[in-house]
Amino acid sequence: MPIGVCRVLRIEVLDDGDDWGSADMQFWLTINDSTTFLGRFPGVEDPKTIQLNRDVSFRLATLLNITFRAVDEEPEFWGTTDQIAQHTFTLNTSVFPLPRNGASVKAADDGVAARLVFDLFAQNALTDRFGDNRRMKCLGRIPGPRWLDGNTVEGSVALVENLAGHSGTGWRVHDMGNDSVAFECQGHLAGPRWLDGNTVNGTVRLAPVTGAPFTGTRWRAHVPDMGDGVYLECLGNVEGPRWLDGNTTNGAVTLAPQMGESFSGTLWRI
């Protein structure tokens with residue numbers, strides 16, 4: 001599953017809510033259950049445009065509830081409370097697919113009016129991991145070996161306890177398009193290098209090439225609802241187990257039929 005990115009371009013303050021001069025203001029953005037503080041800006045006078053050009057990542061879903069909140073801080077000695085404007089709108093990405101450029105949401109209430117202008121798009125969950133010599137750590141809950149290691153002589157894949165002495169623990173993450181990636185083992189000896197899952201029997205090995213007949217060399221990263229790490233789904237074209245699973249008891253690496261608590265070794269940090 002890709003992640004969503006909201007590129008916050010600017011905030012247009014239309015009414016600072018303060019009749020006596022400039023206002024100290026705060027702004028917040030919430031997308032579904034993910035809230036980001038956009039900043040506090042002292043001495044804002046309307047009309048004013050605040051340039052941000054800031055990327056905010058969130059878990060992508062079909063329905064996006066986007067909330068923009070603008071707050072005019074009122075000094076306590078005036079005996080008044082903060083003036084708050086907030087507005088939420090829902091975007092159905094199945095009807096209006098991303099990207100959406102130049103979108104905006106206006107919050108106007110309690111004497112405050114401001115507009116948030118932004119772009120929305122999706123990107124691969126591993127975009128910032130593309131490159132050489134990444135390490136893949138299994139987050140299984142039982143102590144034991146955790147580092148994914150490819151043996152380019154035998155074509156085997158296993159978990160090892162230490163990075164030292166295991167050149168096959170280096171992996172290069174390749175963008176394969178359509179929200180998929182391939183993992184190339186950086187072992188120093190010649191041989192097969194591409195992480196390949198067999199969705200017929202659940203085995204995981206190294207393949208000599210990507211693509212047919214090794215369709216299991218393409219993977220898709222899924223971001224969990226809570227915590228860090230990713231689940232890696234094998235995109236092999238035959239039905240069967242798909243989730244890369246490390247067994248931290250014996251070091252075996254296979255495909256599991258599902259991700260999550262029952263198979264804690266399906267969660268990885270790259």
task = Could you check how many percent of all C-alpha pairs in region 112-270 are farther apart than 22 Å?
result = 38
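Quote the FRET efficiency, to the nearest 0.05, computed for VAL95 versus GLU73 with a Förster distance R0 of 35 Å and r equal to the Cβ-Cβ distance. It would help to have the intermediate numbers written out before the result.
Details: r = 38 Å, r/R0 = 1.09.
According to the calculation, E is roughly 0.35.
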note = Placing each pseudo-label 7 Å from Cα in the direction of the beta carbon, GLU161 and ALA122 end up separated by a distance in nanometres of 4.3
message = Using only the alpha-carbon atoms, what does region 152-205 span along each of its principal axes? Please give whole angstrom values in decreasing order.
response = 35, 26, 22
message = Suppose we take every Cα in region 1-55 and form the convex hull; what volume per residue is that in Å³?
response = 81
query = Under a Cβ-Cβ cut-off of 9 Å, what is the net charge of the residues other than VAL13 that fall near it, where Lys and Arg count +1 and Asp and Glu count -1?
reply = -3
ask   = Using all Cα-Cα distances in the chain, what percent lands in each 5 angstrom bin from 0 up to the longest?
value = 1, 6, 11, 14, 13, 11, 8, 8, 7, 7, 5, 5, 3, 1, 0, 0
ask   = Between ASN250 and ASN201, what is the FRET efficiency for a Förster distance of 25 Å, r being their Cβ-Cβ separation, to the nearest 0.05?
value = 0.90
note = Two pseudo-spin positions, 7 Å from Cα along C-beta at ARG269 and at ASN237, lie apart in nanometres by 3.7
key: Size of region 30-133 as Cα extents on the principal axes (Å, biggest first)   = 56, 36, 24
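Which net charge results when you count Lys and Arg as +1 and Asp and Glu as -1 among the other residues whose beta-carbon is under 14 Å from that of ARG218?
That sum, taken over residues with Cβ under 14 Å, equals -3.
If I stretch the segment between ASN133 and ALA108 completely, what's the gain in nm (0.36 nm per residue apart, minus their alpha carbon distance), one decimal?
Details: separation 25, 0.36 × 25 = 9.00 nm, distance 4.95 nm.
So the extension gain works out to 4.0 nm.
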message = In region 118-270, if the dipole is taken from +1 on Lys/Arg beta carbons and -1 on Asp/Glu beta carbons about the Cα centre, which of GLY165, ASN247, ASN133 is farthest to the positive end?
response = GLY165
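Calculate, for ALA190 and ASN65, the FRET efficiency according to 1/(1 + (r/R0)^6) with r their C-beta to C-beta distance and R0 41 Å; round to the nearest 0.05. Spell out each step's value before the answer.
Values: r = 52 Å, r/R0 = 1.27.
Taking R0 as 41 Å, the efficiency between ALA190 and ASN65 is 0.20.
Please sort 234-247, 89-102 by packing, taking for each peptide the average over its residues of neighbouring beta carbons within 10 angstrom, highest first.
Working: 234-247: 19.9, 89-102: 11.6.
Final packing ranking: 234-247, 89-102.
If you average 1/r across every pair of different Cα atoms in region 124-182 and take the reciprocal, what Kirkwood value do you get, in Å?
12.6
What is the sum of charges, Lys and Arg at +1 and Asp and Glu at -1, for the other residues whose Cβ falls under 15 Å from the Cβ of LYS137? Numbers along the way, then the final one.
Details: positive: ARG129, ARG134, ARG135, ARG141, ARG146, ARG269; negative: ASP149, GLU161, ASP228, ASP245.
Computed value for this residue: +2.
Throughout, read-outs are computed from the coordinates displayed, never taken from laboratory work. Small disclaimer: the values here were computed from a predicted structure and weren't measured. As a convention, Cβ positions derive from the backbone with ideal geometry for all residues, glycine included, and neighbour counts pool all protein chains shown.
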